[in-house]
1. Any idea how many residues of segment 92-123 are touching a residue at least 60 places away in the same chain (Cβ under 8 Å) and touching a helix residue (DSSP H, G or I) at 6+ places or on another chain (Cβ under 8 Å)?
2. When the residues of segment 53-108 are narrowed to those that are among the hydroxyl-bearing types (S, T, Y) and in a strand (DSSP E or B), which ends up modelled with the lowest pLDDT?
3. Report, ordered by the first and then the second residue, all pairs with beta carbons closer than 6 Å, sequence separation of six or more or different chains, a first member in segment 62-86 that is on the phi < 0 side of the Ramachandran plot, and a second member that is polar (S, T, N, Q).
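The values are calculated or read from the model by the stated rules, or taken from the named source; none is laboratory data. Computed from a predicted model, the values in this text were never measured in an experiment. Counting neighbours? That spans all protein chains shown, and the Cβs are built from the backbone with ideal geometry, glycine included.
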Amino acid sequence: MNRPEAILERNILLRLGQEADVLIAKNEVGGSFHGALAKQLCRECRAISNRYRFTAGLGTGSPDLVCLVSGTAALMELKSLTGRIRPEQRQWHEAAAKRGVRVRVIDSVEQAVEFVEEVRSGK
C-alpha cells in the first residue's frame with residue numbers, strides 16, 4: 001500500500017476508531033452489488049436496470065470517510081499533500097454544506113482529530 005491517501009485513510013480509521021463517541025466508516029463509492037441481491041435492492045428502490053446493478057456509497061464526488069461524532073455527521077475527503085479536489089467533489093461538498101452537513105478536506109491524522117474535536121464541541 002504505497003498510495004498516500006490509502007495510508008492516510010488507514011491511519012485515520014485506526015486512530016478515530018478508538019474514540020468512544022465516534023463511529024467511522026469508509027464510503028464505498030463505486031462498490032456495487034450484482035445478481036439476486038442487486039435485483040431485490042433495485043426492485044425495492046424502483047431503479048431496476050437491465051443489468052440489475054446497484055451501486056453502493058454516497059455517489060460520485062462524496063467524501064472518503066463517513067463519521068458520526070456523538071450522533072453528528074462529519075464527512076472527510078482525504079487528500080495527499082499534492083492532491084486536488086475534483087469538480088464533482090467540490091459540487092457534492094457544497095451541496096452537503098448547504099444542507100448543514102459538515103464536510104472537510106483532510107490531509108493528516110492530526111487534521112482529522114481536530115475536525116472531530118470541532119464537531120464534538122459544536123463549533
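1. Of segment 92-123, the ones touching a residue at least 60 places away in the same chain (Cβ under 8 Å) are 106-109, 112-113, 116, 120.
Right, trim to touching a helix residue (DSSP H, G or I) at 6+ places or on another chain (Cβ under 8 Å) and you get 106-109, 112-113, 116.
Count: 7.
2. Of the residues in segment 53-108, the ones among the hydroxyl-bearing types (S, T, Y) are 55, 60, 62, 70, 72, 80, 82, 108.
Subsequent filtering for residues that are in a strand (DSSP E or B) retains 55, 72.
Working: T55: 51, T72: 91.
Among those that are among the hydroxyl-bearing types (S, T, Y) and in a strand (DSSP E or B), it is T55.
3. Short answer, once both residue conditions are applied: S62/N27; D64/N27; V66/N27.
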